[in-house]
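Below is one structure; the comments refer to it alone.
Computed from the coordinates by the stated procedures, all read-outs in this text should not be read as laboratory data. What you see is a predicted model; the values in this text were computed from it and never measured. Note: ideal-geometry Cβ built from the backbone for every residue, glycine included; neighbour counts use all protein chains shown.
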Amino acid sequence: MKMHWYFITGVLLLGAAVPVSSQVAQTNSHAGHNGDQHPLIEIPVHVAVPRIELDISRDDLSGYNLHIDYDRFELESPRFAGEEGEPFLEGHAHLYINGSKVQRLYAADLHIPEKLLQSGFNQITVTFNAHDHSTWSRGGKRILATLFIRRDKPELVVHHFSSSPIR
């Protein structure tokens with residue numbers, strides 16, 4: 001029953017952190033969003049959807065180490081935009097902790113300081129974003145992965161979700 005409560009709480013938190021919309025991104029990079037609600041940019045049906053999953057572990061010294069496992073996406077800094085091959089599915093990622101946007105990510109590994117997580121239950125979400133910050137989507141659903149963790153438990157990850165799992 002306890003696990004069921006955590007799952008329901010996590011789903012509610014996920015809905016608050018990453019609202020789903022059927023809107024398609026406009027050319028203006030910040031049109032139609034406020035705070036962490038970036039507009040969606042639809043991946044054409046002839047292009048394969050990027051796959052994403054998250055893994056987290058406790059750091060030996062402090063905090064946590066987050067790893068993004070992904071393919072079919074070029075995760076990079078905007079300064080390298082369009083340098084190699086087809087530039088369509090490239091961009092960066094956005095990191096959300098407990099519904100708040102924390103930072104952009106340009107690589108697959110990140111250290112999360114312990115002070116960014118509350119005691120007990122936490123939600124960590126990563127979205128794939130174009131260089132204009134719009135969020136990549138398919139069928140109006142954001143390309144993202146989420147971990148639900150409990151800092152105070154030996155088994156850190158309580159539940160994980162991916163809109164496009166690798167396994």
**OP:** Counting other beta carbons within 10 Å of each Cβ, put 163, 137 in order, fewest first.
**Re:** 163, 137
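Compute the semi-axes of the equivalent ellipsoid of the stretch 122-167, taking the square root of 5 times each eigenvalue of the Cα gyration tensor, and list them largest first in whole Å. Could you put the intermediate results ahead of the total?
Values: eigenvalues 129, 28, 10 Å².
Semi-axes, largest first: 25, 12, 7 Å.
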Original post:
Plugging the Kirkwood radius over Cα pairs into Stokes-Einstein for the stretch 49-162, at a temperature of 25 °C and a viscosity of 0.890 mPa s, what D comes out in µm²/s?
Top reply: 168 µm²/s
